[in-house]
Structure formats: C-alpha cells, structure tokens
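The values are calculated or read from the model by the stated rules, or taken from the named source; none is laboratory data. Keep in mind that what you see is a predicted model, and the values were worked out from it rather than measured. Cβ placement follows ideal geometry from the backbone for every residue including glycine, while neighbour counts extend to all protein chains displayed.
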Amino acid sequence: MSDPQGTPPEPASTGGPAVSPGPVLSLIGAALMAAGRPVQARELAGVLGIPEDAALRQVQAFTERLDAANLGFTVEAVAGGYRLVVPATLSGQLAPLLAPPPLPALSSAALEVLAVIAYRQPVTRAEIEAMRGGSAGTVVTLQERELVKVVGRSEAVGSPLLYGTTERFLLDFGLRGLEDLPPLENANFSHLLRS
C-alpha cells in the first residue's frame, strides 16, 4: 500500500512497523533528539523496522543531509551509538547560554591517573600508584566527574576495588569506544578533552 505521496513503504524485516522512505530521516532525527543519549544502530533499526545495516545507511544519509543544510548541529558517532551535537566551531559562541559553567580543567595528575585507568582497566589503586610512581588520590575526583567507576574487586589479597572508565568518559572525549583511544605512546588526554 502506498502512502499519500505515492511512495511505497519499505518492507519491515525486523518485525517492527514499516516506515516509508520520506519519514525515515525525520524519524532518525526525532529519535536522536528525544533519546538524550547515544542511540545504537540496532535501536534505530527497531524503531524504523528495517535491518541494522539499512539503518546505518539511513543514519549516514541523515548526517549528510543535516551537514548540507548547515543547521548548527550534526550527528556524532560516540559511545557505541549516535547523538546530535553542536559542532566545535559554534560551541564557543554558545557559552553564555550554557549552564552550569564548565568544570575546571583536570590537573595533570588527574589526567595521568585517567590515562592509566583507560589503558590498563580494570586496575586497582595500588596498580595505578605503582605505574605512576605516586598517589592515586585523584581517583575520587574522577569518580565525582563520572569519568571512572568501580567495576569490581580484584582476586588479590584484600580484594581491592577495580576501576574502569565510564560511558561519560567516552562522551567527554568523543570516543566511539575504547578501541578509539590513541596509541599509548601518543596519548595526551589534555588535548582530547573538550570543554
């Protein structure tokens, strides 16, 4: 059956409702805006009622159309999904509208601890201190900023806590996943962190 514009609907091969090609891009935009978090391709496929590979092609088409329209936001692949973001070229001009004010920059010690956790996770506080040659006291600050979290306990004597990074870490550093971390010898988190 055709929609009112005469476009036949795409077949629903994932068991969800069929969505005609016209509203597909609108539905992708609405899903990314409404979710308030990165939306995975499989979730979009379920909403659109199409296979995941087709959903990925539609996300690409949506991104290209959005970028061509130059509307002040774009799609970013991050934390295993997609979200709408303001391009970095515009974010500085929006600072007066944003609240609360950005947190102060992380200290070099905090960035070192964050790097150890990101590259060696899961890792104990003692292991962090041994790798850094100093205190791992900034772990608390990193937890408060939701960049790291306790991910379990080690089987070592005393069952010390194990730390790992969070989805917030991926979001703040613009990484799709841990596989996007730069090679360890090139890692410099102070340049990756976006304000």
Tell me which of these Pro96 doesn't satisfy, since it passes every other one: (1) in contact (Cβ under 8 Å) with a residue 40 or more places away in the chain; (2) surrounded by fewer than 11 Cβ atoms within 10 Å (Cβ to Cβ). (1)
Residues of the stretch 168-186 satisfying the condition of being among the charged types (D, E, K, R), surrounded by fewer than 17 Cβ atoms within 10 Å (Cβ to Cβ) and under 13 Å from the mean Cα position of the chain (by Cα): Arg168, Arg176, Glu179, Asp180
Of the residues that make up the stretch 107-122, is at least one modelled with pLDDT of 90 or more, farther than 26 Å from Glu76 by Cβ and in contact with a strand residue (DSSP E or B) (Cβ under 6 Å, 6 or more places away or on another chain)? yes
Considering (1) part of a loop (DSSP other than H, G, I, E, B); (2) buried (at least 16 other Cβ atoms within 10 Å of the Cβ); (3) without any contact (Cβ under 8 Å) to a residue 60 or more places away in the chain, say which one Ala110 fails and leave the rest. (1)
Any idea which residue in the stretch 45-77 is nearest to Pro23 (Cα to Cα), counting only those that are touching a strand residue (DSSP E or B) at 6+ places or on another chain (Cβ under 8 Å) and part of a helix (DSSP H, G or I)? Phe62
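If I ask for residues that are out of contact with any Gly (no Cβ under 8 Å at 6 or more places or on another chain) and either more than 22 Å from Leu170 (Cβ to Cβ) or of a type in the set (Phe, Trp, Tyr) (or both), which ones from the stretch 59-82 would you list? Spell out how you get there, then give the answer.
Taking the stretch 59-82 first, the residues out of contact with any Gly (no Cβ under 8 Å at 6 or more places or on another chain) are 59-61, 63-65, 67-75, 77, 81-82.
Within the stretch 59-82, Ala61, Glu64, Arg65, Asp67, Ala68, Ala69, Asn70, Leu71, Gly72, Phe73, Tyr82 qualify.
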